[in-house]
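Down below is the structure, laid out as structure tokens.
Computed from the coordinates by the stated procedures, all read-outs in this text should not be read as laboratory data. Computed from a predicted model, the values in this text were never measured in an experiment. Every residue, glycine as well, gets a Cβ built from its backbone with ideal geometry; the counts of neighbours run over all protein chains shown.
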Amino acid sequence: MQLPPNGLDVWYVDESTDRDIFAMTAVAVPFLRSVDGVWTLVWEEQLTRIREWRRELRRTHGIPASKELKASKLVGGRGRYLAGLHQLRPSDAVAAYRCALAGLGVLQQSSIISVAAQAATNMYGHSRLEAALIALLQRMRTAAARSHRAGMVFFDEGHGEYRTIYRKARVHLPTGSARGAWQGGMRTRSLPLDNFTKDANIKQSEHCFFTQVADLLSFAVLAKRRFELGVLSAGQQALGVHTLYDAVPAHVLNLQAAAMRDPVRGIVRI
């Protein structure tokens, strides 16, 4: 694989699920760029920005930057996020969550892709989380191709099957056409993930701010879908958990990923 003219992004992927809904989010972070004709590692600049994002969350809501952000714990009143010692009140926890998502404007433009599948979803023989991952990889490939960048992927630990699916996708990734059919009438064609590195990587979320961002986003998608399907609890509705994803600045969402169905938030519902 030759390096495309606009460099390389690192994609951080995480998921949030319940028994019927499987949400997955990928966040693209600049890694390598040509600066004045010289290939330059720019990832450290992005890390500096996301560290400042965490410091701001500490200043405004008392959540230490050293504390792993886990959306399910934050919303569920667990995790001892207040000064690392005490539980946040539910309303304060949701306010901190909303503030964290609103602060993601520090990410690069169109860097977030989110997918939500259901238990009954079937994507070329894959279901549940695997179906969500197939749909996500399709759109990550398209996003990288449109931006003329290569990609490298980091998954959160705990799902060994992700790496297997990723490896297969680099050879064969069935993809449908937004127009209903490809030239010649074919409903699908293989568009391999050949603009990404040979293998995926595994990263512990507790040691990675960017994976924690993906977790916050995927849980917000899960809450929105639970509300849309009428299964979000009354308590979480009262707290506005289903509106958290709406706090994400529009310019960092890849709206082309679901332009036909969700031009405002870009969530791919399959």
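Odds and ends about this structure:
- Anchor LYS224: lysines whose Cα lies under 22 Å away (excluding residues fewer than 8 positions away in-chain): LYS70, LYS73
- Dipole of the chain, positive end: most advanced residue of VAL241, ILE63, SER147 [Cβ charges, Cα centre]: VAL241
- Applying the criteria of a DSSP loop state and at most 14 other Cβ atoms within 10 Å to the trypsin sites (Lys or Arg not before Pro) of the stretch 105-184 yields ARG179.
- Charges were assigned to the Cβ only: +1 to each Lys and Arg, -1 to each Asp and Glu. The resulting dipole of the stretch 8-269 about its Cα centre is roughly 300 debye.
- Net charge in the neighbourhood of PRO30 (other residues with Cβ under 10 Å of its Cβ; Lys, Arg +1, Asp, Glu -1) is 0.
- Acute angle (nearest 10 degrees) that the helix 90-102 long axis makes with the longest principal axis of the chain, alpha-carbon atoms: 40 degrees
- Set of lysines with alpha-carbon distance to LYS198 below 18 Å, sequence-local pairs under 8 removed: LYS168
- Principal-axis tilt of helix 43-61 within the chain, Cα atoms, nearest 10 degrees: 30 degrees
- Each of the peptides 23-33, 49-59 was scored by the mean count of other Cβ atoms within 10 Å over its residues; in descending order, highest first, they stand as 23-33, 49-59.
- Degrees between helix 128-147 axis and first principal axis of the chain (Cα, 0 to 90, nearest 10): 70 degrees
- Percent antiparallel among DSSP beta bridges (both partners in the chain, rounded to 5): 65 percent
- Selection among GLY160, ALA220, ILE50 by position relative to the dipole of the chain gives ALA220 as farthest towards the positive end (Cβ unit charges, Cα centre).
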